[in-house]
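Below is one structure, written out as structure tokens; comments come after it.
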Amino acid sequence: MFGWRGKIGLIVPSSNTTMEMELHSYLPEGVSLHTARMPLKNVNEEELTKMSSYAIDAAKLLADAEVEIIAFGCTSGSFIGGKDFEKELEMKIEEEVNIETFTTSTAVLEALNILDVHSLMVVTPYIEEINQKEKEFLEANGFEVLDIRGLGIESNTEIGKLEPYVAYRLAKATYIEEADGIFISCTNFRTFEIIEKLEEDLGIPVVTSNQATLWMALRELDIKEKLPLGKLLREY
């Protein structure tokens with residue numbers, strides 16, 4: 001049986017081409033991943049807000065597969081409503097399907113806290129209006145955002161075409177010594193290949209959307225396997 005150690009349910013935007021591939025590439029033996037999708041083509045406030053209304057229907061489909069945990073796999077889609085929006089989204093899904101649920105934004109907040117990151121740099125593929133929403137969300141949750149830089153890309157399929165070195169080079173260009181850590185945002189932004197090298201080169205913890213989501217899903221399933229995806233999955 002697939003998923004004999006645990007079955008993860010994943011909800012992603014319909015245009016996301018990265019998250020499933022990255023998570024599949026590092027799933028421990030015996031853990032399975034099952035996906036449902038919500039309609040989204042462009043990463044802007046209007047489409048993200050509308051997309052979240054499809055989350056419950058997607059969760060109901062995952063419940064048919066008897067998944068043990070559900071991850072809402074969209075960073076911007078879970079912070080777009082401001083502080084506590086991610087908690088409200090989790091609660092609505094859990095009430096409908098009675099399966100423990102978390103969002104990528106929740107996973108990122110917990111990852112930053114466990115790594116003792118207080119002042120951070122943020123790197124994104126987003127347009128400026130989404131960057132501003134993310135900055136406000138992080139600051140409302142007690143973090144100091146020293147700098148946030150985006151690539152100004154609205155089309156989600158274009159974000160999915162970016163090579164990992166794009167995130168690496170943007171992160172290095174953003175680096176300042178006062179930072180406790182760096183967060184690379186967006187579940188469609190490819191990062192797994194560069195996390196370890198970036199931590200080595202900058203000397204600070206690196207958190208990415210997909211890395212944090214995988215970490216939290218495994219933690220909630222009580223799977224303690226260590227993975228070479230930065231300090232977060234090597235030590236916690």
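Name the single residue that is most open to solvent (accessible area, probe 1.4 Å) among those in segment 205-221 being in contact (Cβ under 8 Å) with a residue 40 or more places away in the chain and of a type in the set (A, V, I, L, M). Checking each candidate, the answer is LEU221.
It is to be established whether one or more residues within segment 88-109 are at pLDDT below 95, among the small types (Gly, Ala, Ser) and out of contact with any Cys (no Cβ under 8 Å at 6 or more places or on another chain). No, every residue in segment 88-109 fails to be at pLDDT below 95, among the small types (Gly, Ala, Ser) and out of contact with any Cys (no Cβ under 8 Å at 6 or more places or on another chain). Among the residues of segment 86-110, the one identified as open to solvent by 80 Å² or more (accessible area, probe 1.4 Å) and among the polar types (S, T, N, Q) is ASN98.
Residues being assigned to a helix (DSSP H, G or I), open to solvent by 40 Å² or more (accessible area, probe 1.4 Å) and of a type in the set (Gly, Ala, Ser): count how many of those fall in segment 48-82. Residues in segment 48-82 being assigned to a helix (DSSP H, G or I), open to solvent by 40 Å² or more (accessible area, probe 1.4 Å) and of a type in the set (Gly, Ala, Ser): 1 in total.
Taking each residue of segment 190-201 that is at negative phi and looking for partners that are part of a helix (DSSP H, G or I) and surrounded by fewer than 23 Cβ atoms within 10 Å (Cβ to Cβ) with beta-carbon atoms closer than 6 Å, six or more apart or interchain, yields ARG190/PRO164; GLU193/PRO164; ILE194/PRO164; ILE194/TYR168; LEU198/TYR168. Taken over segment 131-170, the criterion of being open to solvent by 60 Å² or more (accessible area, probe 1.4 Å) and small (Gly, Ala, Ser) is satisfied by GLY142 alone.
For the condition in contact with a strand residue (DSSP E or B) (Cβ under 7 Å, 6 or more places away or on another chain), within 16 Å of GLU220 (Cβ to Cβ) and of a type in the set (S, T, N, Q), what is the one hit in SER32, SER14, SER105?
Numbers: SER14 fails: within 16 Å of GLU220 (Cβ to Cβ); SER105 fails: in contact with a strand residue (DSSP E or B) (Cβ under 7 Å, 6 or more places away or on another chain).
Of SER32, SER14, SER105, the one residue that is in contact with a strand residue (DSSP E or B) (Cβ under 7 Å, 6 or more places away or on another chain), within 16 Å of GLU220 (Cβ to Cβ) and of a type in the set (S, T, N, Q) is SER32.
So that you can scan it fast, the table gives a plain yes or no per residue for (1) in contact with a Lys or Arg (Cβ under 9 Å, 6 or more places away or on another chain); (2) open to solvent by less than 40 Å² (accessible area, probe 1.4 Å); (3) charged (D, E, K, R):
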| position | (1), (2), (3) |
| --- | --- |
| TRP4 | no, no, no |
| GLY9 | no, yes, no |
| VAL12 | yes, yes, no |
| GLU22 | yes, yes, yes |
| SER32 | yes, yes, no |
| ALA36 | yes, yes, no |
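Using the structure shown, decide if GLU45 is under 29 Å from GLU154 (Cβ atoms), modelled with pLDDT under 95, of a type in the set (Asp, Glu) and surrounded by fewer than 17 Cβ atoms within 10 Å (Cβ to Cβ). In short, no.
If you go through segment 20-44, how many residues are in contact with a helix residue (DSSP H, G or I) (Cβ under 9 Å, 6 or more places away or on another chain), aliphatic (A, V, I, L, M) and part of a helix (DSSP H, G or I)?
Qualifying residue count, segment 20-44: 1.
Each residue in segment 24-78 was checked for being among the basic types (Lys, Arg) and either in contact with an Asp or Glu (Cβ under 6 Å, 6 or more places away or on another chain) or touching a residue at least 40 places away in the same chain (Cβ under 8 Å) (or both), and 1 of them qualify.
When ASP84 is tested against the conditions (1) touching a helix residue (DSSP H, G or I) at 6+ places or on another chain (Cβ under 9 Å); (2) among the charged types (D, E, K, R); (3) modelled with pLDDT of 95 or more, the lone failure is (3). The set of residues from segment 149-178 being over 21 Å from LYS41 (Cβ atoms) and charged (D, E, K, R) comprises ARG149, GLU163, ARG169, LYS172, GLU177, GLU178.
Summed over segment 106-145, residues that are aliphatic (A, V, I, L, M) and not in a helix (DSSP H, G or I) total 8.
Determine, yes or no, whether GLU96 is in contact (Cβ under 8 Å) with a residue 24 or more places away in the chain, of a type outside the set (A, V, I, L, M) and assigned to a helix (DSSP H, G or I). Spelling it out, GLU96 is indeed in contact (Cβ under 8 Å) with a residue 24 or more places away in the chain, of a type outside the set (A, V, I, L, M) and assigned to a helix (DSSP H, G or I).
The values are calculated or read from the model by the stated rules, or taken from the named source; none is laboratory data. Keep in mind it's a predicted model, so treat the numbers as computed, not measured. Note that each Cβ is placed from the backbone with ideal geometry, even for glycine, and that neighbours are counted across all protein chains shown. In case anyone asks, the SASA skips ligands and DNA or RNA and just uses the protein heavy atoms, side chains included. Shrake-Rupley method; radii C 1.70, N 1.55, O 1.52, S 1.80 Å.
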